[in-house]
Amino acid sequence: MRLTYTIEFYSYWHCGSGLSAGGDTDALVIKDNNGLPFLPGKTLKGLLRDSCTTLLELKGDSSQAAISRNFGMPAGNPAGSAFFSNATINHREYDTILNKKLAKYLYTGLAFTKIEDGIAKDMSLRRMEVTVPCRLHGSIDGVSETDYELLAQGLKMIKRIGTDRNRGLGRCNIIIEKEA
């Protein structure tokens, strides 16, 4: 079965690429080959695994059967049956952004510095590239009918995605698309 979803971001968000822009920006957003943002399936998989584990614990289900079935188990055990696509901007918007050369407007920078005793600490200024609020679309394939509702509920529990979630970045809502 396929579970299709939309992530609606309400605040700036940053899913890091691990790259910097030298002296200008310390942390760049991950982008595809055309310079547009996306959320790697692996990132969502980790967040969803955590929320599904929490849901099962709240229901008093201490078995890891549903978790291992969908997500696999660490340390070289077989992978789970669920396959997570990258979440991307929908095709029509994607083409419009590329054709009108609008990609640069999807990003802005935030600066942070460490404050000690009310004074900015020397050499502590950091700059991070962030993506403006937008909608991304993705899917999870290979979901069993038995586990569909668990994964759908787990997705709905995710309310922040990316770096600095505890500082207000990445606020979002995940909407499950109805099956056709």
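A few notes on this one:
- Heavy atoms of SER68: accessible area, 1.4 Å probe, square angstrom to 10: 40
- Net charge dipole, the stretch 91-162: roughly 480 debye, given to the nearest 20, about the Cα centre with Cβ charges of +1 for Lys and Arg and -1 for Asp and Glu.
- Averaged over its residues, the chain has an accessible area of 58 Å² per residue, based on protein heavy atoms and a 1.4 Å probe.
- Where MET1, MET128 fall by accessible area, highest first, once all protein chains stay in place (1.4 Å): MET1, MET128
- Separation of the alpha carbons by more than 22 angstrom is noted, of LYS42/LYS104; LYS42/LYS156; LYS101/LYS156; LYS45/LYS178; LYS31/LYS100, for LYS42/LYS104; LYS101/LYS156.
- Translational diffusion of the chain, estimated by Stokes-Einstein from the Kirkwood radius over alpha carbon pairs at 20 °C in a medium of 1.002 mPa s, is 120 µm² per second.
- Bridging of LYS159 to aspartates and glutamates at a Cα separation below 12 Å is possible for GLU8, once same-chain residues fewer than 8 apart are set aside.
- Dipole magnitude for the chain: computed about the Cα centre from +1 point charges on Lys and Arg Cβ and -1 point charges on Asp and Glu Cβ, it is near 320 debye.
- Rounded percent of accessible protein surface that carbon and sulfur make up, the chain, 1.4 Å probe: 51
- Compared with the direct C-alpha span, the chain from ALA65 to ARG135 gains 22.0 nm at full extension, assuming 0.36 nm per residue.
- Taking the chain and dividing mean pair separation by its residue count, relative contact order in percent (alpha carbons under 8 Å, at least six apart): 41
The values are calculated or read from the model by the stated rules, or taken from the named source; none is laboratory data. Keep in mind it's a predicted model, so treat the numbers as computed, not measured. Please note: Cβ atoms are built from the backbone with ideal geometry, for glycine as well, and neighbour counts cover all protein chains shown. Please note that ligands, DNA and RNA were not included when accessible areas were found on the heavy atoms of the full protein model with its side chains. Shrake-Rupley method; radii C 1.70, N 1.55, O 1.52, S 1.80 Å.
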